[in-house]
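Data first, discussion second: the structure below is written as C-alpha cells.
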Amino acid sequence: MARRPVALVAALVLVVEAAGIAWLNWFLGLVVDNQKMSLAGLDPHAMTVGSWVAGGLMGLYLLLCGLVLLRTGVRDRAPGGVGRILLIAAAVLHAVLGAFSVGLVGWTAFAFLMVVLGLLVLTLVAYGKDADANEEGPDGTPTTAAANGPSPA
C-alpha cells in the first residue's frame, strides 16, 4: 500500500507550510510595524509582536505535526494517541482555513489547503485500526492478524 509515501509527502508539505506561515506572519508584522498601523486603537508594536508570536506558534504546531507524520512514515506504524489527535486537529484546521480562504485569498489557496487536508485524512485513514489487520508480511503472506481472520468477539 502507498501509505508510507503519503505520510512522508504530507510531512514534507507540512514542514514547508510551517516555514511559509512563520515567514508570512513575520512579514506582516514588519509591515504593521513600519506603517505604524493600528486596529481599534491597539498599539502597533503589540500587533507586531502578536503577529510574530502567532506565526511562531502556528509554525511550531505545523512542524510538530510534520514530525509526527515523518515518524509515522519512517516507522510505518500508526501515530500514538497524542499524535493522532494532533493530526486530526491539523486536518480540521485546514478544512476551516480552506473554507475561509476561498473568499479572502482565492481558489489557489483553497486548493492547496484541500490537498494538505486530503494528505492528512489519507494518512489517518491508512494508518487506522483496521489497516494493521490487512497488512502483508515482507514475503507477501498475510500477517497473523490477517491470517487468523476476524476475532471472535
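The values are calculated or read from the model by the stated rules, or taken from the named source; none is laboratory data. Because the structure is predicted, anything quoted here is derived from the model rather than measured. Cβ atoms come from the backbone with ideal geometry, glycine included; neighbour counts cover every protein chain shown. With ligands, DNA and RNA removed, areas are computed over all heavy atoms of the protein, side chains included. Shrake-Rupley method; radii C 1.70, N 1.55, O 1.52, S 1.80 Å.
Numerical summary
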item	result
First in segment 15-26 and assigned to a helix (DSSP H, G or I), second anywhere and of a type in the set (A, V, I, L, M, F, W, C) and open to solvent by less than 80 Å² (accessible area, probe 1.4 Å), Cβ under 7 Å, 6 or more apart	V15/L63; E17/L62; E17/V116; A18/L62; A18/L63; I21/M58; I21/L62; N25/A54
Residue that is farthest from the chain's Cα centre (by Cα), among those in segment 80-107 that are exposed (fewer than 13 other Cβ atoms within 10 Å of the Cβ), farther than 12 Å from C65 by Cα and of a type in the set (V, I, T)	V96
Where F112 falls short, out of the listed (1) in a loop (DSSP other than H, G, I, E, B); (2) at pLDDT 90 or above; (3) open to solvent by 70 Å² or more (accessible area, probe 1.4 Å); (4) not basic (K, R)	(1)
Yes/no for T72 being among the hydroxyl-bearing types (S, T, Y) and either under 20 Å from R3 (Cα atoms) or surrounded by 18 or more Cβ atoms within 10 Å (Cβ to Cβ) (or both)	yes
Residue in segment 13-22 that is open to solvent by 50 Å² or more (accessible area, probe 1.4 Å) and more than 15 Å from the chain's Cα centre (by Cα) present	no
Residue among G149, G128, G137, G118 that is under 22 Å from L8 (Cβ atoms) and at pLDDT below 60	G137
A7 vs. criteria touching a residue at least 12 places away in the same chain (Cβ under 8 Å), surrounded by 12 or more Cβ atoms within 10 Å (Cβ to Cβ), closer than 12 Å to T123 by Cα and not basic (K, R)	yes
Test: residue in segment 52-69 that is of a type in the set (G, A, S) and open to solvent by 40 Å² or more (accessible area, probe 1.4 Å)	yes
